[in-house]
Amino acid sequence: MGKKRTITRRNLLRDSAAAAAGGAALLAQVGTAFGQAPAVVTQRRFKAWISRGDGPGRTRLHEAALRPIAGRQVLVRTEATNLCYSNVPAVLGLPPPTPPTPSALAAPASAGGRRMADMAVIQGHGGVGVVEAVGPEVRRVRVGDRVCVSGTPHCGSCYRCLRGRSDMCQFLSAIGADDLVAIADLADGTPVYQNSHIGGLAEVMVAFEEWVVPIFTQLPAAELGMVCGCTSVAGLGATTAHALMTIEPASSVAVVGCGPLGLSAVQGARIAGASTIIAIDPIRARREAALKVGATHVLDPNVEGDGLVARVRSLTTWPTDRLWAGGRNPGGRRPGSGADFVVEAAGLDQVTPKLERGPDPTGLKPMQQAYQMCALGGHVVTTSIIRGDMVLPGNLFSIGGVTHHGGQAGGCSPMRDIPRFVELLEKGQYDAKALATSIVPLERMLEGYEEVAYRTTITGIMTAG
Ligand SMILES: [Zn+2]
Ligand SMILES: [Zn+2]
């Protein structure tokens, strides 16, 4: 029962004022449906790490002048960005430790016009920051919003987004050299582009709104740069987004490869309620980090060798092998145990690591093992970049009961999932500090990237401003 309220002139006036304020708020919402005022941003100068040419030394710090913001473009002042391992060759220009192996199975590449290496490109793919200006067609964010510029777009209206697979949003199909649009110019008139339309290794990012996710939080920039970065999004996505697989409480999860993506998957498995979480990595410091963030067991693939799959099978043994009593048999021709869910996050060596090397620099073997350690009826999500074509036992692949999910960003829908990941960080369920072991200012970006490249750190975050 509410309090009985006397009708007075004063109360009536106050109520109508509140109603008017509510109406104004509604109109403001409606107003944004028709776009925002055009941004006028010209010649803003900013520092950017720009890559051009081939080989070491291809990435240098420049000052660039911004072009006007238009259409669905969003200008974001960068607060932090993650130094993704996949970008190591583009940033550092180091030769790969093993020669590229052309795939025998890949579709022929279509002939492109211009070559990415000849263009002036800001590397990186996303970060966190604050919106400084928006084009007239932007609806999703406003000036002053804190945002994640996602490595994966989420338009919500393309064929794949409408089918619940925003990790494969079709806006991703247009990030080649010929698709990029210049966002700035160097002093000599050279146009400046951004990797994947988003960049990150600069004081600003200019992204189309499909890549921008508003996040309503006051958390520190470096931690947000970690949780909103492509690797965390993929690791948490594979384990908690439920687009690819749904980890059940009390299940067993194996994570192959414990870089920032794998260690995010370990945390996601813990958050999802897995009771056995086996983290596998050749680097001791990464296994220690895995134990800190939720792994129940850690394994060194160099020690386990070809016995790795059997070892995972033994660690995931069910309390009974009595088949009439809910049991599963751990051996035989059709062994029932193995990890219920596997996240593969090892990948190729972009350069030879300075810490412990893994068993296979191409990343193929860890991926094969990940598939083979999965239980019958289980699920494998692969997330990494490997070199060469996968070979698997044909019958295991065909009728082994393992469901493989090749996902991008772990199956995440960025607009839906990134705010959830920020909430996990906000409430202490996700540990960003344990993963962001090198935090460097913009001027020292290259030092941070070398640590990432040589795997002497778990991952790096560059802060700006
Ligand atoms: Zn990445
Ligand atoms: Zn889409």
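Separation of segment 189-220 from segment 77-99 is 17 Å, based on Cα centroids. Binning the alpha carbon pair distances of segment 241-352 at 10 angstrom intervals from zero yields the distribution 15, 44, 31, 9, 1, 0, expressed in whole percent.
Of the DSSP H helices in the chain, those with a Cα length along their own long axis of 24 Å or more and a mean Kyte-Doolittle hydropathy reaching -1.0 comprise 9-33. Since only Thr296, Ile215, Ala80 are under comparison, the one whose Cα sits farthest along the positive direction of the charge dipole of the chain, derived from C-beta charges on Lys, Arg, Asp and Glu, is Ile215.
Centroid-to-centroid, using Cα positions, segment 153-188 and segment 333-362 are 30 Å apart.
Quote the relative contact order of segment 234-348 in percent (integer), defining contacts as alpha-carbon pairs under 8 Å separated by 6+ residues.
27 percent
Proximity of backbone amide H atoms, modeled 1.01 Å from N, is registered between Met119 and Gly53 at under 5 Å, excluding neighbours fewer than 5 places apart on the same chain. With contacts taken as Cα pairs under 8 Å at a separation of at least 6 residues, the chain carries a relative contact order of 17 percent. By the rule of a C-alpha distance below 13 Å, with chain neighbours fewer than 8 residues away ignored, the aspartates and glutamates paired with Lys354 are Glu450, Glu451. Taking 19 Å as the straight-line reach from the Cα of Lys427, the aspartates and glutamates in range (excluding those fewer than 8 positions away in the same chain) are Glu223, Asp417. Only the Cβ atoms of Lys and Arg (+1) and of Asp and Glu (-1) were treated as charged; on that basis the dipole of segment 130-187 about its Cα centre amounts to roughly 440 debye. With the highest mean first, a sort of the peptides 174-180, 392-398 on other beta-carbon atoms found within 10 angstrom per residue produces 174-180, 392-398. A simple rule links phi to the HN-Hα coupling: the Karplus curve 6.51 cos²θ - 1.76 cosθ + 1.60 with θ = phi - 60°, which for segment 324-336 gives 8, 10, x, x, 10, 8, x, x, x, 6, 10, x, x Hz, with x for Gly and Pro. Have a look at Ser103, Gly151, Gln123 and report the one farthest towards the positive end of the charge dipole of segment 85-157, computed about the Cα centre with Cβ charges (Lys/Arg +1, Asp/Glu -1). Most positive-ward Cα: Gly151. For the chain, with only Lys/Arg (+1) and Asp/Glu (-1) charged at the beta-carbon, what is the dipole magnitude about the Cα centre, in debye rounded to 20? Magnitude of the dipole: close to 1540 debye. Between Glu344 and Val256, Val381, Thr382, Thr383, the built amide H atoms are under 5 Å apart, and every one of these is 5 or more places off in sequence or on another chain. Charge dipole of segment 325-391 (Cα centre as origin; +1 on each Lys and Arg Cβ, -1 on each Asp and Glu Cβ, all else neutral): 200 debye, rounded to the nearest 20. The calculated FRET efficiency for Ala70 paired with Asn302, based on their beta-carbon distance and R0 = 45 Å, is about 0.30. Remark: segment 376-391, residue by residue, has Karplus-estimated 3J(HN,Hα) of 4, x, x, 10, 10, 10, 9, 10, 9, 9, 10, 10, x, 9, 6, 10 Hz, where x stands for each Gly or Pro and the curve is 6.51 cos²θ - 1.76 cosθ + 1.60 at θ = phi - 60°. Averaging over all projection directions, the Cα-based convex hull of the chain occupies 28.2 nm² in the image plane. In terms of other Cβ atoms within 10 Å, Asp281, Asp167, Asp321 run from fewest to most in the order Asp321, Asp167, Asp281. Phi-derived couplings, Karplus 6.51 cos²θ - 1.76 cosθ + 1.60 at θ = phi - 60°, listed residue by residue for segment 299-304: 10, 9, x, 6, 6, 6 Hz, with x used for Gly and Pro. Of the trypsin sites (Lys or Arg not before Pro) in segment 105-155, the ones in a loop by DSSP (not H, G, I, E or B) with at most 12 other beta carbons within 10 Å are Arg114, Arg115. For segment 150-259, the relative contact order comes to 21 percent (Cα pairs under 8 Å, sequence separation of at least 6).
Values quoted throughout were computed directly from the atomic coordinates according to the rules given, and no laboratory measurement underlies them. Computed from a predicted model, the values in this text were never measured in an experiment. Here Cβ is always computed from backbone atoms with ideal geometry, including for glycine, and neighbour counts include all displayed protein chains.
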